[in-house]
1. Looking at Arg58, Arg36 in this structure, which one is surrounded by fewer than 16 Cβ atoms within 10 Å (Cβ to Cβ), of a type in the set (D, E, K, R) and at pLDDT 65 or above?
2. Tell me yes or no: at least one residue of the range 12-21 is among the polar types (S, T, N, Q) and either at pLDDT 90 or above or touching a helix residue (DSSP H, G or I) at 6+ places or on another chain (Cβ under 7 Å) (or both).
3. Here is a check on your reading of the model: is Asp45 modelled with pLDDT under 95, of a type outside the set (Ser, Thr, Tyr) and in a loop (DSSP other than H, G, I, E, B)?
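The values are calculated or read from the model by the stated rules, or taken from the named source; none is laboratory data. On a predicted model such as this, the values are computed, not experimentally measured, just so you know. Quick reminder, even Gly has a Cβ in these numbers, built from the backbone with ideal geometry, and neighbours come from all protein chains shown.
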Amino acid sequence: MSEAEDPARLASHDVTVEDVRQLMGASTPHFALQLRNRIANLIRDLPPDHPARIVGEREIERLTKLGYTGETRTDSDEADDLDPLPSLLDER
């Protein structure tokens with residue numbers, strides 16, 4: 001995963017919600033912060049009320065949390081008996 005942008009997305013076209021959603025894709029903790037930065041660059045020049053900026057800012061918040069706190073993959077009570085993965089420990 002790179003923070004380099006797809007040239008087609010950088011071509012002179014209006015940024016859309018779909019552009020943001022394409023970057024959101026199947027985000028994982030490992031790539032969350034890189035995706036966050038790409039979305040931030042994409043929406044940087046949009047006005048505050050632009051739909052793509054609104055969706056992008058919401059996604060930036062989610063990706064930041066995902067990148068720093070990771071994710072759990074179960075809702076089971078059995079997970080309470082296990083030590084958390086190192087990626088889930090908030091040591092900031």
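1. Criteria check complete, one pass: Arg58.
2. yes
3. yes
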